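No value in this document is a laboratory result; all are computed from the given coordinates. What you see is a predicted model; the values in this text were computed from it and never measured. All Cβ positions, glycine included, derive from the backbone under ideal geometry; neighbour counts span all protein chains shown.
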Amino acid sequence: MNKPVSAVKVLVVDDQPLTVAELCEFLQSCGYCCVPCQSTDQALECFAADPGIGLVLCDLHMPGCDGIELFKALKVIAGHQRIFEAIMLTGQADKQDVIRALREGFADYYQKPVDLNELLEGVQRQEAAVQEQQKSVQHLGTLNQKLQYLADSIDDLYQDLDKARGLGAHRRSTDVVREAESENLPSLFEQLSPRQLEVARLVSKGKTNYQIACELGITENTVKLYVSQVLRLTHMHNRTQLALALSPSNSPLRLRVTAH
């Protein structure tokens, strides 16, 4: 038996012990680490406990819940961050079951008795798909970190510029904070930096990104970055919500928005 070389583990689920044993033995000989399961409950437990599982081979018809219901439950466990693909095995080539499985998100299906060489090709395709998706997620995470670092650096830079300008054409960041305190802004704005708060106030006045950029002496792209930060940090969906939240404190619209 060859030593497993794939970084993607395979969860093999079937209520027939001999089927599980045969599939695991074959895939392990081809370089895959397999996690054998003979029930859906066991499969859910193993999947939740082992984030290395990236492929799932499961029988369609099993006691308790079928393979499609199992797949739905696995997706709930995986959430949005964990990547995996599933292949369905079925002893009955019912067209409606196959269509239902593919619509739910199964990557492929094979009819029993399974041609092991064909199955291996399918497993290898889905392994490559999982690894490609994982790379994309990692790359996106790296880009988000770099973007956050850039945003923080820009914010620090403009705060320093505000301090250097004093009370000239642009107000100092401390002035923005004092104004915010005097207006008793909602608590969800407390986490904003002075520059972010200043941009938020200008957005609430109905000014465009271009107008804000001209007023603050920064680029329009930088304004877009600040607006995106403000919406994310305050958990708001658009500029209209932001404007309502920054409306006068006795406004019923503001009370309704900030209550959520």
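The peptide list 82-92, 12-22, put in order of mean Cβ contacts within 10 Å with the highest first, becomes 82-92, 12-22. Taken about its Cα centre, the range 9-137 carries a charge dipole of roughly 460 debye when the Cβ of each Lys and Arg holds +1 and the Cβ of each Asp and Glu holds -1. Pairs exceeding 31 Å between alpha-carbon atoms, taken from LYS9/LYS72; LYS9/LYS224; LYS9/LYS112; LYS135/LYS205; LYS135/LYS207; LYS72/LYS224: LYS9/LYS224; LYS135/LYS205; LYS135/LYS207; LYS72/LYS224.
Phi angles of the range 69-77 translate, via the Karplus equation with coefficients 6.51, -1.76, 1.60 and θ = phi - 60°, into HN-Hα couplings of 5, 4, 4, 4, 5, 5, 5, 5, 5 Hz per residue; Gly and Pro are given as x. Converting phi to 3J(HN,Hα) with the Karplus coefficients 6.51, -1.76 and 1.60 and the offset θ = phi - 60°, the range 55-63 yields 10, 10, 10, 9, 6, 6, 9, 9, x Hz in sequence order, with x at every glycine or proline.
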